[in-house]
Amino acid sequence: MINSIKKENTKFIETVKIRYSELDCSMTLKPVSLFHFFQDLASDNAEALGFGYSFIIQKNLAWFLLKYRMEFYDYPQNIFDLIIQTEPRGYNKLFAFRNFKVEHDNKLIARVSSAWGLIDLDTKSMANVQNVLEGNSDISPFVKKEDDLEFQKIKKLERVDFKKEFSVRFDELDVNQHVNNANYITYALEPIDFEFRKNYKLKTLDMLFKHELKYGENIVSEVQFEDNKTLHLVKNVDSGDEICLIQAEWVKKNYQS
């Protein structure tokens, strides 16, 4: 079934039909699927408002996702349709900000804040977002609101309880020939024990992206457990670079066998 998008000023509202391939073994939406929903809707919104891929590639620039703050009031389980909203929240010199909301059956089930930057594809240095976006009437400088989610500082791992190594596969690359950011959540969560993943779902997630990954690079994903909280570090084995940091809180699933 084709998803439908409604436009309200700068806001896009998408009705998402969830397929079985996007669910895990306890009928819970896979985090990577949710990340893909966010990225695709954000891309459509940015393109329609004049600062998407077709605009920035002419300037030899590319958007990159820097960080997420996600709060789940009821992580999607046994659900086959979602309403996802996104809108730009403004920019400053270094970053552009974007919010998301997720609803089901007229109930708010998640709120998300994200920060994005621009990179010069030749020099690999960050570009001035303000200079690129100024003059676009659909997006204004960032002004903080009382109900904005706060980006959290992610703790460093003090020990490694579980870890797993991977090599980047071709199908994990995006249009810029780098690993799509959504795949980082798969790398980060994979070392977690099967029974825990089967029986718990996300309550909050903070995610910081630090470096890109390319085809064939070797990575290690490390996890530290603290009760129902986890800390994650994804590293490039070859270079030693920290790729991604995550901290998460989990709650029990309503699992039905």
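All of the numbers you see were taken from the coordinates with simple rules; none came from a lab. For clarity, every value in this text was computed on a predicted model and none was experimentally measured.
Quick one: compute the contact order of region 1-147, relative version, from alpha carbon pairs under 8 angstrom and 6+ residues apart, as a percent. Over region 1-147, the number comes to 23 percent. Helical runs assigned H by DSSP (4 residues or longer) give the chain a calculated mean residue ellipticity at 222 nm of -4500 deg cm²/dmol, each run adding -39500 (n - 2.57) before division by the residue total.
When the convex hull of its Cα atoms is viewed from all sides, the chain shows a mean projected area of 14.3 nm². Over region 39-153, how many percent of alpha carbon pairs lie in each 5 Å bin up to the one with the longest distance? For region 39-153, the pair-distance distribution reads 2, 11, 20, 22, 18, 12, 8, 5, 1, 0. The Kirkwood hydrodynamic radius of region 152-257, based on inverse pair distances between different Cα atoms, is 14.3 Å.
Would you mind giving the three semi-axes, in whole Å and largest first, of the ellipsoid equivalent to region 1-102 according to its Cα gyration tensor?
Whole-Å semi-axes of the equivalent ellipsoid: 26, 15, 13.
Measuring between alpha carbons in the structure, the pairs from K101/K201; K30/K203; K124/K144; K198/K229; K67/K155 lying more than 23 angstrom apart are K124/K144. Working note: Cα atoms of region 117-168, range along each principal axis, descending, whole Å: 49, 38, 16.
Within the listed set N60, N92, N236, the Gaussian network model of the chain (springs between alpha-carbon atoms below 10 Å) gives the highest mean-square fluctuation for N60.
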